[in-house]
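Notes to accompany the following structure.
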Amino acid sequence: MTDQHQVSIVRRPGRTLSVEDGLATLLAAYHLRTEAEKGAPVADVDELPERYRAEISDPRTAFVDDVVLVALSGGAAVGCLVVTAPTDGRSEIKRLWTDPAFRGRGIASDLLGAALADAAESGAGAVRLSVWKWRTGAIALYQRFGFTVTESWDERDQLVCMERAV
């Protein structure tokens, strides 16, 4: 029996990223979808807030000190996740995204598992993340991986902050 999703997770230090590796497309989809879900849809990347445009146009600079995990299927980027370098003993997970055409294949779980392993290898004692409260599927995934809701470190309304030990 062959593996049905045949996806590999590649670890890329932020300083080695390139806009040609498919990450920019994934980040653009993530940010455009998020803005739409927040009730502020924009037509294209040029209308996103500057900080998000910067991630898309120059991920190497945006994530220079971080690790970016990219899920590849047949050489194409189909998912991503950013793990920040530990600060005060904690890493943070950001930008978990799977191309909608590849959802339901365990890619987000694979990325999350790889992120936790990376955080442990980097010496983090805990990993935290924030997620919009309407992303119930993502919250359920994080809970399956042992994340629990914690006091918010972010003032944005409707944001759920979660953490777990590594």
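For region 17-46, the set of residues classified as exposed (fewer than 13 other Cβ atoms within 10 Å of the Cβ) and either of a type outside the set (D, E) or at pLDDT 85 or above (or both) consists of S18, A36, G39, A40, P41, A43, D44, D46, listed by residue number.
In region 49-88, what count of residues is obtained for those that are surrounded by 20 or more Cβ atoms within 10 Å (Cβ to Cβ) and in a loop (DSSP other than H, G, I, E, B)? Count: 3. Here W97 clears all of (1) over 15 Å from T25 (Cβ atoms); (2) assigned to a strand (DSSP E or B) except the condition numbered (1).
Across region 112-152, the number of residues qualifying as within 20 Å of K38 (Cβ to Cβ) and small (G, A, S) comes to 4.
Taking the listed residues L27, L96, the one that is touching a Pro at 6+ places or on another chain (Cβ under 9 Å) and closer than 30 Å to V166 by Cβ is L27, with no other qualifying.
Scanning region 116-148 for residues that are of a type in the set (A, V, I, L, M) and surrounded by 14 or more Cβ atoms within 10 Å (Cβ to Cβ) gives L116, A117, A119, A120, A124, A126, V127, L129, V131, A138, I139, L141. Scanning region 108-166 for residues that are in contact (Cβ under 8 Å) with a residue 60 or more places away in the chain and outside any loop (DSSP other than H, G, I, E, B) yields a total of 6.
The values are calculated or read from the model by the stated rules, or taken from the named source; none is laboratory data. Quantities reported herein were computed from a predicted structural model and do not represent experimental measurements. Here Cβ is always computed from backbone atoms with ideal geometry, including for glycine, and neighbour counts include all displayed protein chains.
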